[in-house]
1. Only residues of segment 98-139 count here: report those whose backbone N is under 14 Å from the spot 7 Å along Cα→Cβ of residue 41, or say none.
2. Once you treat every alpha carbon in segment 33-96 as an equal point and sum by Debye, what is log10 I(q)/I(0) at q = 0.12 Å⁻¹?
3. What are the semi-axes of the equivalent ellipsoid of segment 108-153, taken as the square roots of 5 times the eigenvalues of the Cα gyration tensor, listed largest first and rounded to whole Å?
């Protein structure tokens, strides 16, 4: 990751999770840290803001709902869209992670998967042929070598960089001055990016991803859109 005026910017490498809390953190903040490049402490602050928890209180963020993951991603300039749901079928007939990996998908996008882990739901992050979560201690590992190959999938969300230049307006919903400063810097940075402005001028939607960055960096560009559900995953 590189950092310009406090705003995380995607580079050609996958972000390892930065757990700077000095304690155990849970799957939601881990996934968000790996996508955005921000440390777990900052991700948890955004989630607590969304929960309207007073700034002086710092409870550990354990289980997270999908709308909380969505809100945090939007605050950092990402969108998330529900690509597949298997909640309508029995658990034993839902696809396994390894089975899902055999299907065609965008190799450059991040995918947040809600999977069954024992009796609980669990968030994992997949990009290309690698995955990251609390079980890998925030490090990226090949799915084939990972701990969840046979786990059943409940939902799949695709995550990409947002095309919306009004990042400032979204981040301003969070009252922490540090995030408001980041919002203003992010809006200025994106508004001055010729790839972004050209894409918006063309009115592109999904196809705009390739226009956001030079060709050599397209493989690490994410763009998200969000679908809100009321499910809650926590390990």
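1. It comes to no residues whatsoever.
2. -0.41
3. Details: eigenvalues 52, 26, 19 Å².
Semi-axes, largest first: 16, 11, 10 Å.
Bear in mind that the values in this text are calculations on the coordinates, not laboratory data. Quick caveat, the model's predicted, so the values are computed rather than measured. So basically every Cβ, Gly included, is an ideal-geometry build from the backbone, and we count neighbours across all protein chains shown.
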